[in-house]
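Everything on this sheet refers to the single structure shown next.
The values are calculated or read from the model by the stated rules, or taken from the named source; none is laboratory data. Note that the structure is predicted; figures quoted are calculated from it, not measured. Heads up, the Cβs are rebuilt from the backbone with ideal geometry, glycines too, and the neighbour counts pull from every protein chain shown.
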Amino acid sequence: MQHNDVKINCPIFQKQEPIIEKITNNINSATDVKEKAKFAVELQKEADVLFSCSDYDAKKLDCKNCHFIANLRKKTASLIIKAQKLA
């Protein structure tokens with residue numbers, strides 16, 4: 001997914017997105033599974049910030065999209081952490 005396509009009108013999402021993008025780039029750049037897993041733990045923590053948003057409204061499309069993206073990121077991070085345990 002290109003991050004330029006993500007248009008979620010939320011100050012918390014807008015604040016978290018560059019942080020999450022940097023962590024994602026670190027995961028992609030890491031050559032060792034242990035290093036990737038370290039960044040994956042950070043990714044989970046930053047995704048949790050989106051899940052703990054006090055302004056969340058299940059009726060708003062922006063909120064639904066934010067949680068959908070955060071959920072994908074948490075699942076990705078979880079897979080990386082599980083892969084490290086298998087290595």
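In the set Ala87, Ala37, only one residue is of a type in the set (A, V, I, L, M), on the phi < 0 side of the Ramachandran plot and at pLDDT below 95; that residue is Ala87.
For the range 29-49, name all the residues that are in a helix (DSSP H, G or I) and either among the hydroxyl-bearing types (Ser, Thr, Tyr) or in contact with a His (Cβ under 6 Å, 6 or more places away or on another chain) (or both).
Taking the range 29-49 first, the residues in a helix (DSSP H, G or I) are 29, 33-49.
Result: Ser29, single match.
When each of Asn65, Asn26 is tested for being polar (S, T, N, Q), farther than 30 Å from Ala87 by Cβ and modelled with pLDDT of 95 or more, the lone residue that passes is Asn65. Pairs are defined by a Cβ separation below 6 Å, a sequence spacing of at least 6 or placement on different chains, a first member in the range 61-87 that is free of Cβ contacts under 8 Å to residues at least 24 places away in the same chain, and a second member that is loosely packed, with under 13 Cβ neighbours inside 10 Å; the pairs so defined are Ala70/Phe51.
I'd like the full set of residues that are among the hydrophobic types (A, V, I, L, M, F, W, C), under 18 Å from Lys38 (Cβ atoms) and part of a helix (DSSP H, G or I), limited to the range 50-87. Don't jump to the end; show me each part of the working.
In the first step, residues of the range 50-87 are kept if they are among the hydrophobic types (A, V, I, L, M, F, W, C); the result is 50-51, 53, 58, 61, 63, 66, 68-70, 72, 77, 79-81, 83, 86-87.
Subsequent filtering for residues that are under 18 Å from Lys38 (Cβ atoms) retains 77, 79-81, 83, 86-87.
Selection gives Ala77, Leu79, Ile80, Ile81, Ala83, Leu86.
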